[in-house]
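Here is the structure we will look at, set down as structure tokens.
No value in this document is a laboratory result; all are computed from the given coordinates. All values reported here derive from a predicted model rather than from experimental measurement. Ideal geometry is used to build each Cβ from the backbone, glycine not excepted, and the neighbour counts take in all protein chains shown.
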Amino acid sequence: MTAPSPQPAAVQHPVLLGLAGQPNVGKSTVFNLLTGLNQHVGNWPGKTVERREGMLTRQDARVTVVDLPGTYGLTTNSPEERIARDFVLHEQPDVVVVIADAAALERNLYLLAELLALPTPVVLGLNMMDVAHSQGVEIEPEVLSAALGIPVVPMVARHAQGVAQLQDEAVRLAGAKESFAPVRPEIAAPHREVLADIRGLLADRVPAPYPADWVALKLLEGDAELIALTRSWLAPSAWQQVEALLAAHEDAILDIAAGRYAWIERMVRAAVRRPRLGQVGLTDRLDRVALHPLWGMVLLLAVFALIFAATFAFASPAQAWLEIMVVVPLQEWLRASLAGAPAWVAGLLIDGMLAGAGTVMTFVPVLTVFFTALALLEDTGYFARAAYVMDRYMHRLGLHGKSFLPLCLGFGCNVPAVMGARVIDSPSGRLLTILLAPLVPCSARLMVLAFLTPIFFGAAALPVALAFIALNLALLVLAGTLLNRSLFRGKHMFFIMEMPLYHAPSASTIARFVWNNVWAFLRKAGSLILVFSILLWGLSHYPGPALEASYLAKVGHGLAPLGDVLGLDWRLLVALLASFVAKENAIAALGILFGGDAGADGLAAALTAAIPFASALSFIAATMLFIPCVATVAVMHKEAGNWRWALFGVLLHLALALTVSALIYQGGCIFADAWPRTK
């Protein structure tokens with residue numbers, strides 16, 4: 001690390017700190033370590049890009065940390081770049097902390113080169129020093145700090161190393177801005193005189209907070225936003241002179257980039273030692289398989305098959321244990337304890353709250369295994385490889401590999417999958433991803449699948465479950481291809497994506513990811529699903545006296561013609577409708593509607609006895625393809641910008657669910673006698 005700087009007097013005013021960095025540099029990990037639980041998430045004004053803020057106290061200073069979107073530069077080519085630039089210009093933070101990947105320092109310093117063109121003080125955090133060392137890259141932070149003229153802090157954020165020093169340097173610099181004297185990059189020699197001429201024409205006509213030198217540089221880069229602003233600031237005669245210079249020197253952008261790269265080379269020359277030429281690192285060796293056109297796809301399929309196999313092998317037994325050893329005994333205990341209470345009280349607590357939300361709570365083991373697997377894949381750097389391998393297939397849908405990442409999020413939850421479409425620059429590609437994302441089976445659907453397939457298919461549960469997942473993905477491809485060739489007229493997009501180095505996963509990062517997602521599910525089970533379970537119980541018991549005479553039965557019987565086509569009785573139709581609120585509600589509804597038949601053997605035995613083979617296939621297919629949950633539909637409306645596309649997505653999924661379920665039911669009737677129902 002840099003030598004400790006003299007500590008100034010405690011900073012008295014609140015400090016605004018911007019946290020910047022390119023994608024995949026560990027910036028989110030640093031943000032979480034800095035702010036802990038004291039953070040909140042919203043959106044940037046007028047944007048759909050997420051804004052995260054947090055608070056911390058350091059050296060008696062109250063610091064607000066704003067996590068800027070990951071960006072490679074400060075142009076206005078994307079919403080993320082515009083947001084990062086506008087924050088530095090208009091909100092004028094006291095200090096910006098740039099997090100850089102130490103193993104790819106040259107590429108990461110380009111963002112720093114752009115930030116140093118602005119007057120805001122900057123601290124550089126060299127993250128992933130351990131990964132750089134494993135790749136044979138040795139960096140001397142003190143030498144780099146002396147070359148750059150700014151504080152440089154070595155870090156291993158996933159082990160919380162260097163984070164405290166980073167905070168200290170940021171707060172110190174915020175209280176001593178006058179000491180900030182960095183070595184800034186310069187434009188290459190052929191266009192320095194032109195830059196000075198444009199700066200002279202701007203004179204004092206550039207309003208705050210725009211630095212005139214930076215504006216002149218951006219004009220030579222051809223920045224459309226700054227060109228429009230400068231035209232409004234200058235008199236017509238002055239603008240004509242500027243415009244003439246820009247037209248005569250359109251190649252100036254090459255000298256600007258050349259100057260930055262020459263500066264980067266000069267900064268790292270003495271501070272960085274790289275392995276000898278020809279030495280092959282771990283990442284290169286692994287990528288020979290992970291990025292191979294054939295073996296990469298085989299590996300990707302094997303990874304996802306392993307995730308679902310682990311779910312069945314470890315989570316399903318724990319889930320069954322919770323139901324048999326916790327939920328059922330608790331129901332029996334409540335029945336005995338409430339023997340003298342009014343019937344409706346016992347029914348509400350046992351058959352409503354416990355049979356509904358209690359059954360859903362047994363999904364926690366499934367969620368834990370699934371989210372742990374997803375966190376491992378992301379934290380090791382494999383997800384970027386999956387996007388690369390899938391790029392050629394995404395192109396057939398009119399998408400590219402970048403769309404694979406939001407679609408992967410769909411395996412956890414369709415809501416962030418739809419929101420993840422924000423990273424796609426093309427409006428048509430973003431909209432197509434929004435429409436297709438709900439076809440990815442989310443964790444809630446997968447939990448329903450993991451619950452039902454062992455009940456109906458015994459030892460064959462895993463291949464049956466994988467077949468249903470493959471069916472969803474095949475329909476995603478089919479729907480995407482048809483939509484791309486019709487509504488979106490075969491548009492194609494291209495993208496460039498960085499491949500992060502492989503590295504060992506962080507136990508704390510994975511634990512935080514799993515806890516946040518499982519806790520979000522528990523809150524959902526304790527609020528929305530609990531309320532729905534109570535409502536469903538009430539509709540199934542009133543006006544009485546029996547279930548067949550309830551309001552719920554009337555709704556189900558009203559859909560009987562549809563049920564005949566799908567092979568579903570009214571209870572299964574009601575459970576399917578219940579999944580619109582939340583997919584887990586399908587099981588909650590089954591627990592309530594079949595709870596009277598459960599007996600001591602639990603819900604599984606009741607379902608096996610009551611539902612024929614073909615109907616089981618039809619119900620699972622309908623559940624996997626049914627319209628997205630209400631939260632996903634709401635997000636689809638928000639991200640698409642209108643209800644028209646959200647409604648189109650709902651109708652698309654409804655048509656797929658009904659058509660496929662009917663076809664599977666008819667086929668299931670043919671093979672029902674040949675299928676073994678025993679476990």
Relative exposure of Arg571, Arg51, Arg285, judged by other C-beta atoms within 10 Å (fewest first): Arg285, Arg51, Arg571
Given Lys177/Lys218; Lys27/Lys177; Lys218/Lys638, the pairs whose alpha carbons are separated by over 28 Å: Lys218/Lys638
Evaluated at q = 0.13, 0.18, 0.25 Å⁻¹: base-10 log I(q)/I(0), Debye formula over Cα of the range 100-170: -0.35, -0.68, -1.25
Peptide ranges 454-460, 62-68 listed from the most packed, as the mean C-beta count within 10 angstrom indicates: 62-68, 454-460
For the range 189-273, the spread of Cα positions along each principal axis, largest first, Å: 52, 28, 20
Pair-distance profile P(r), taking every C-alpha pair of the range 599-651, with 5 angstrom steps and integer %: 4, 17, 17, 13, 11, 10, 10, 9, 6, 2, 0
Kirkwood Rh in Å, taken over all unlike Cα pairs in the range 15-179: 15.8 Å
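Ranked by Cβ crowding within 10 angstrom, fewest neighbours first, how are Glu178, Glu332, Glu140 ordered?
Starting with the residue having the fewest Cβ neighbours, the order is Glu178, Glu332, Glu140.
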The range 15-179, relative contact order [Cα under 8 Å, separation at least 6], %: 24 percent
Footprinting exposure proxy for Ile83, Ile611 (fewest neighbouring C-beta atoms within 10 Å first): Ile83, Ile611
